[in-house]
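Notes follow once the structure below has been shown.
The values are calculated or read from the model by the stated rules, or taken from the named source; none is laboratory data. Quantities reported herein were computed from a predicted structural model and do not represent experimental measurements. Every residue, glycine as well, gets a Cβ built from its backbone with ideal geometry; the counts of neighbours run over all protein chains shown. The accessibility values were calculated without ligands, DNA or RNA, using every heavy atom of the protein model including side chains. Shrake-Rupley method; radii C 1.70, N 1.55, O 1.52, S 1.80 Å.
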Number of protein chains: 2
Amino acid sequence: MAVRNKKVVLKRHVTGYPVEEDMEIVADTVELRVPAGLKNAVLVKNLYLSCDPWIRGRMSKHDDGAAVPAPDFVIGEALVNYGVCKIVESTHPKFNAGDLVWGMSGWEEYTLVTQSESLNKINHPELPLSYYTGVLGMTGLTAYSGFVEVGRPKRGDTVFVSAASGAVGQIVGQLAKISGCYVVGSAGSDEKVSLLKTRFGYDDAFNYKSEKSLAAALKRCFPDGIDIYYDNVGGAMLDAALLHMRHGGRVVVCGMISQYNLEEHDGVRNLVCIIPKSVRVEGFNVGNYFHVYAKFEEEMAGYIKEGKVVVVEDVVEGIEKAPAALIGLFSGKNVGKQLVALA
Amino acid sequence: MAVRNKKVVLKRHVTGYPVEEDMEIVADTVELRVPAGLKNAVLVKNLYLSCDPWIRGRMSKHDDGAAVPAPDFVIGEALVNYGVCKIVESTHPKFNAGDLVWGMSGWEEYTLVTQSESLNKINHPELPLSYYTGVLGMTGLTAYSGFVEVGRPKRGDTVFVSAASGAVGQIVGQLAKISGCYVVGSAGSDEKVSLLKTRFGYDDAFNYKSEKSLAAALKRCFPDGIDIYYDNVGGAMLDAALLHMRHGGRVVVCGMISQYNLEEHDGVRNLVCIIPKSVRVEGFNVGNYFHVYAKFEEEMAGYIKEGKVVVVEDVVEGIEKAPAALIGLFSGKNVGKQLVALA
């Protein structure tokens, strides 16, 4: 049976800030089955699409051999990212029709997934399925592996999180409290700052847009310095944080959303501070931590059920709204985890 | 008995590049004994003074609470740094008159050392004593602890060292070869580049002053990327190296000599590369590694005796020449470990 398949395709490679016109909604038709003879594949109906800053990199054209986390998107083809899906038909022994899964899928209504090893069964369908685009999916694992495995928190550590109400930041802050740390977040609106303190349990928070000096704000919030800076933004905030790290401090570099749309990146001038203070600045990629996913999923599902971790999502409905939702990430329009509900 | 004591004192705090006139040679007289009643002190005759870039920081005036590796020098008082000394009189049970030691002493002929725990006995007086300002002292321990403990080399790793013929760099390169790595160094003259290849066993080397593009030079020397960058210079070289790190690479940030005399530090623009490649950039301070000194001293003395580590020193004679020798570090005038012989 052939059905209509609406999709978000890349219309042109992006330089600078992406705009809606870089993408296009098109429709074709798709057979609701795996093509005859294709083994280990699944045809999925996409339920939720995740909007994440990191896919901005895939919208540009890179030189061959450039260090990129994943290949460039192809013009005219659907964008690809983590999503939550229901299996329509499977030729993979691990999956059956009707299974709920999360993993790499297309920005479209139906996707034929041939690399189906990248899909994961949803083990807690009693929780909101959309959580598997976020707190129980790649985003949550990013927060967890970066904070726990790279940051190596100790009880009593002081922790700073930027983009702290965002998909990753909101979870890092709550994990920091669970770990017995003192945690301060920055965000880009008073509404988000309020959310940090009232919903996510941050000890303190500030609106970086209304501070005259980021360095002064950090000095006010951390008079004795920062043990762990979980960096989601890079640029000027990273530069200010480097001035305030404590001896033996760790900068967990998860993302640099302030930099992704710049043709020339901002210069970070305070790196010299890492020498006398023996600070470690470590970039990390969640792709290296999928081996801890099973442990993470159980632990995080427990926190959610106990109310120790709460989740704020920003949900738009319908694939037509996906381009605007993605672009909104770069101006901080979203409040909490941005996702698109399809079905 | 009172004798003349010539010394190098700080005349004024330094901004920008230091000049000889920032220091002054003065003389007073000193009694050749520990003052009556002062326990755990030693009076030493200084034999060799070490010239190291890091003391540039102590020549400036810093705000209270600034993150500095050691306190600012005091105007009118002798500079302080690692040196090799002979004990004239001791009230410390660990030391006797005649003992040869290395550690923190003054830039003068005789020094009363009250924090004598910072002095270390010289266990290999059969080797040149001057080596205890360098390869067997703080410099060697810096090379060793940074490369081994922070860089964690594996056989077959590709290693890049900047300021590679300098006091630290020349030892890092030789340790890299001993560890089975492929090692390339940069230096600031053709003479130094030749030294790297003919004396220190570097696999390749380049003169950074005659390269049009540092990034292109690194790509030429490391077509498959860099596993460990041992950074002694910071700035533009660090920025270029970040582009060429391999997945899981380590940047050992030992020093940033290109930055110490700048009022505003250069911006490092390529930090974003550390995310997809999971690169660790770690500042370190040799002061955290004195617990491995005893092991290091034996290992390094063995390498020297076996001819596996060779040392090139740049020695000036007489305390009057100390200011110019120190300043020469910042223009790369020295070839190898810069030191001042006093006696």
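Cβ-Cβ distances below 9 Å connect the following pairs, each with a first residue in the stretch A:183-206 that is in the same structural domain as A:A217 (by TED's automatic domain parsing), a second residue that is among the aromatic types (F, W, Y) and open to solvent by 40 Å² or more (accessible area, probe 1.4 Å), and a separation of six or more residues or different chains: A:S186/A:Y208; A:A187/A:Y208; A:G188/A:Y208; A:D203/A:Y182; A:D204/A:Y182. Listed by first and then second residue, the pairs with beta-carbon distance under 9 Å, at least 6 apart or on different chains, first residue in the stretch A:253-270 and closer than 16 Å to A:L329 by Cα, second open to solvent by 20 Å² or more (accessible area, probe 1.4 Å) and at pLDDT below 85, form an empty list.
Scanning the stretch B:64-96 for residues that are within 14 Å of chain A (Cβ to nearest Cβ), under 25 Å from the mean Cα position of the chain (by Cα) and not small (G, A, S) gives B:V68, B:P69, B:P71, B:D72.
The listed residues are A:D99, A:D52, and the only one of them that is surrounded by 15 or more Cβ atoms within 10 Å (Cβ to Cβ), within 24 Å of A:L141 (Cα to Cα) and within 18 Å of the chain's Cα centre (by Cα) turns out to be A:D52.
Here's a check for you: in the stretch B:310-343, which residue that is farther than 20 Å from B:V80 by Cβ and free of Cβ contacts under 8 Å to residues at least 24 places away in the same chain is least open to solvent (accessible area, probe 1.4 Å)? Across the stretch B:310-343, the extreme among qualifying residues is B:S331. For the stretch B:132-178, the set of residues classified as of a type in the set (A, V, I, L, M), open to solvent by less than 10 Å² (accessible area, probe 1.4 Å), touching a Leu at 6+ places or on another chain (Cβ under 8 Å) and over 22 Å from B:I122 (Cβ atoms) consists of B:A164 only.
For the stretch B:296-309, indicate whether the set of residues that are buried (at least 16 other Cβ atoms within 10 Å of the Cβ) and outside any helix (DSSP H, G or I) is non-empty. Yes, there is a match, as at least one residue in the stretch B:296-309 is buried (at least 16 other Cβ atoms within 10 Å of the Cβ) and outside any helix (DSSP H, G or I).
Among the strands (runs of 3 or more DSSP E) confined wholly to the stretch B:1-113, which include 2 or more residues that are under 17 Å from B:A341 (Cα atoms)? In the stretch B:1-113, the matching strands (runs of 3 or more DSSP E) lie at B:2-10, B:42-50, B:80-90, B:100-106, B:110-113. Among residues that are closer than 26 Å to B:V253 by Cα, open to solvent by 20 Å² or more (accessible area, probe 1.4 Å) and not in a loop (DSSP other than H, G, I, E, B), B:E117 is not included.
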